[in-house]
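Here's the structure we're looking at; comments come further down.
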Amino acid sequence: MSTYSASKTVPFPQSVEEGAALAGRPLSLPAAFLAGGTGVLASVAWVGFGLSCLLWEDLGDWSRTHALAVAAFIIAGGILAATASGKLLGRFGTGLQARAPWLLALGLFLTLWEAATAKFAWLPLPFFPPPQAIIEVYTDDLPKLLDSVFASVKLQLGGYAIGAAVGFLTGVSIGWSRSIGYWVHPVLRFIGPLPATAWLPFAFFTFPSSWSASTFLIALATGFPVTVLTWSGVASVSNAYYDVARTLGAKPSFLVLKVAIPAALPHVFVGLFMGLGSSFAVLVVAEMIGVKAGLGWYLQWAQGWAAYSNMYAALIVMSLLCSGAITLLFRTRDRLLVWQKGVVKW
């Protein structure tokens with residue numbers, strides 16, 4: 001009759017040195033996979049998406065199905081390799097582990113999307129195109145889409161820069177000078193609550209071109225939140241800061257530039273974030289109505305020709321542009337306000 005021996009499965013150290021060596025031994029490959037189980041599941045989800053593209057015939061004529069399946073398999077292999085490598089990839093590996101749940105959800109979503117549209121038509125075509133139809137837009141209609149992106153970015157940057165600059169100067173003036181606030185504050189209360197799109201008839205009648213009218217509307221949508229938040233930031237600066245600066249002989253210009261504005265910058269960036277979202281909404285409306293270029297115009301053109309895949313492709317591009325602009329603004333704020341990290345929470 002055999003007896004169970006734990007020493008056959010678990011190597012017990014025979015000395016202090018051997019115990020230290022076993023304690024410092026790195027994790028084996030199965031243990032690494034268990035540590036990154038979500039990454040493995042994400043890789044399996046992307047394999048499932050690739051198989052869903054190949055196992056069933058398409059109900060429509062889409063030429064990018066096979067290429068999409070190959071791309072899904074490549075992404076699955078990359079996720080699996082990065083998960084197995086673990087900490088060897090440094091910051092990239094750490095970022096991948098943090099985003100593994102999103103990669104898993106995205107793989108499952110794409111698999112369900114592919115099955116519900118291209119394979120079984122659970123969602124009616126052409127109102128709900130499959131993923132490969134979106135890929136076709138990015139490959140076959142790329143020049144027109146890039147021209148629209150360039151036109152939108154140019155219009156957005158111009159209007160946003162003008163609105164942010166005017167709003168910042170107005171907010172600082174109102175917050176610093178009561179006499180200026182006496183005259184400007186009632187105007188803001190009259191104009192501010194109205195949505196910028198309500199000024200469309202006035203703008204297109206007053207300005208000489210649809211481009212300048214759209215720039216004015218974007219600047220108006222940006223300027224109001226920047227003005228209000230800058231005004232609030234300047235007005236909320238503690239009087240103790242001014243008293244200390246005056247004691248050291250500071251002039252009024254120094255108080256504005258070196259005390260009031262730096263202390264109000266957190267409020268200013270909140271206004272810039274709010275103005276960015278409002279300006280994107282006005283951008284789309286202005287391009288749909290008056291401007292003959294840009295992503296808003298592209299959306300209306302796609303809707304008129306019932307090219308719903310083009311419409312969804314443009315919406316994805318607009319979402320990425322807005323997200324990228326917000327990320328850039330966040331990084332700018334973190335760089336400029338690094339000296340306030342211990343005081344201001346964000």
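Between a first residue in the range 281-296 that is in contact (Cβ under 8 Å) with a residue 40 or more places away in the chain and a second residue that is surrounded by fewer than 19 Cβ atoms within 10 Å (Cβ to Cβ) and assigned to a loop (DSSP other than H, G, I, E, B), which pairs have beta carbons less than 9 Å apart while being 6 or more apart in sequence or on different chains?
Short answer, once both residue conditions are applied: ALA281/PRO195; VAL282/PRO195; GLU287/ALA293; GLY290/SER209.
Condition (residue is touching a residue at least 12 places away in the same chain (Cβ under 8 Å), within 30 Å of SER152 (Cβ to Cβ) and small (Gly, Ala, Ser)) applied to the range 252-274: is it met by at least one residue? So that I can check it myself, show each step before the final result.
Residues of the range 252-274 that are touching a residue at least 12 places away in the same chain (Cβ under 8 Å), as a first pass: 255-256, 258-261, 263-274.
Among the residues that remain, those that are also within 30 Å of SER152 (Cβ to Cβ) are: 265-274.
Now drop any that are not small (Gly, Ala, Ser), which leaves 271.
Checked against the condition, which is being touching a residue at least 12 places away in the same chain (Cβ under 8 Å), within 30 Å of SER152 (Cβ to Cβ) and small (Gly, Ala, Ser), the range 252-274 yields at least one hit.
Within the range 289-302, which residues are more than 26 Å from GLY167 (Cα to Cα) and either at pLDDT below 85 or among the aromatic types (Phe, Trp, Tyr) (or both)?
LYS292, ALA293, TRP297, TYR298, TRP301
Does VAL226 meet the test of being at pLDDT 85 or above, in contact with a helix residue (DSSP H, G or I) (Cβ under 6 Å, 6 or more places away or on another chain) and open to solvent by 50 Å² or more (accessible area, probe 1.4 Å)?
On the way: at pLDDT 85 or above: yes; in contact with a helix residue (DSSP H, G or I) (Cβ under 6 Å, 6 or more places away or on another chain): yes; open to solvent by 50 Å² or more (accessible area, probe 1.4 Å): no.
For VAL226, the condition - at pLDDT 85 or above, in contact with a helix residue (DSSP H, G or I) (Cβ under 6 Å, 6 or more places away or on another chain) and open to solvent by 50 Å² or more (accessible area, probe 1.4 Å) - is not met.
Could you please find all residues in the range 254-284 being closer than 26 Å to PHE207 by Cα and touching a Gly at 6+ places or on another chain (Cβ under 7 Å)?
Those that are closer than 26 Å to PHE207 by Cα and touching a Gly at 6+ places or on another chain (Cβ under 7 Å): GLY275, SER279, LEU283, VAL284.
From the list ALA281, ALA306, ALA302, ALA314, which one is in a loop (DSSP other than H, G, I, E, B) and within 30 Å of ASP140 (Cα to Cα)?
On the way: ALA281 fails: in a loop (DSSP other than H, G, I, E, B); ALA302 fails: in a loop (DSSP other than H, G, I, E, B); ALA314 fails: in a loop (DSSP other than H, G, I, E, B).
Criteria check complete, one pass: ALA306.
What helices (runs of 4 or more DSSP H) lie completely within the range 167-240 and have 2 or more residues being free of Cβ contacts under 8 Å to residues at least 12 places away in the same chain and among the charged types (D, E, K, R)?
Details: elements: 178-191, 200-206, 210-235.
Fully inside the range 167-240 and qualifying: 178-191.
Quick one: how many residues across the range 198-226 are under 24 Å from the mean Cα position of the chain (by Cα) and of a type outside the set (A, V, I, L, M, F, W, C)? Quick ask: steps written out before the conclusion?
Taking the range 198-226 first, the residues under 24 Å from the mean Cα position of the chain (by Cα) are 214-215, 217-226.
Subsequent filtering for residues that are of a type outside the set (A, V, I, L, M, F, W, C) retains 214-215, 222-223, 225.
Total meeting the criteria: 5.
Any idea which of (1) in a helix (DSSP H, G or I); (2) under 15 Å from GLN156 (Cβ atoms); (3) open to solvent by 20 Å² or more (accessible area, probe 1.4 Å) is the one ALA293 doesn't satisfy?
Among (1) in a helix (DSSP H, G or I); (2) under 15 Å from GLN156 (Cβ atoms); (3) open to solvent by 20 Å² or more (accessible area, probe 1.4 Å), the lone unmet condition for ALA293 is (1).
Name the pairs: first residue in the range 310-325 and under 21 Å from ALA133 (Cα atoms), second residue open to solvent by 40 Å² or more (accessible area, probe 1.4 Å) and polar (S, T, N, Q), Cβ to Cβ under 8 Å, at least 6 apart or on different chains?
Once the first residue is under 21 Å from ALA133 (Cα atoms) and sits in the range 310-325, its partners that are open to solvent by 40 Å² or more (accessible area, probe 1.4 Å) and polar (S, T, N, Q) give MET311/GLN303.
Output the number of residues of the range 64-107 satisfying the condition of being of a type in the set (Lys, Arg) and crowded, with 18+ Cβ neighbours inside 10 Å.
In the first step, residues of the range 64-107 are kept if they are of a type in the set (Lys, Arg); the result is 64, 87, 91, 99.
Adding the requirement that they be crowded, with 18+ Cβ neighbours inside 10 Å leaves 64.
So the answer is 1.
Among the residues of the range 108-129, is any under 21 Å from the mean Cα position of the chain (by Cα) and open to solvent by 70 Å² or more (accessible area, probe 1.4 Å)?
Yes: one or more hits.
When you scan the range 245-274, how many residues do you find that are open to solvent by less than 90 Å² (accessible area, probe 1.4 Å) and in a loop (DSSP other than H, G, I, E, B)?
Residues in the range 245-274 being open to solvent by less than 90 Å² (accessible area, probe 1.4 Å) and in a loop (DSSP other than H, G, I, E, B): 2 in total.
Filtering the range 24-63 down to residues that are at pLDDT below 90 and in contact with an Asp or Glu (Cβ under 8 Å, 6 or more places away or on another chain), which residue is surrounded by the most Cβ atoms within 10 Å (Cβ to Cβ)?
TRP62
The values are calculated or read from the model by the stated rules, or taken from the named source; none is laboratory data. Predicted, not measured: the structure shown is a model, and the values here were computed from it. Don't worry about glycine lacking a Cβ; one is built from the backbone with ideal geometry, like all the others, and counts go over all protein chains shown. For the accessible areas, the whole protein counts, side chains as well, though only heavy atoms, and no ligand, DNA or RNA atoms are used. Shrake-Rupley method; radii C 1.70, N 1.55, O 1.52, S 1.80 Å.
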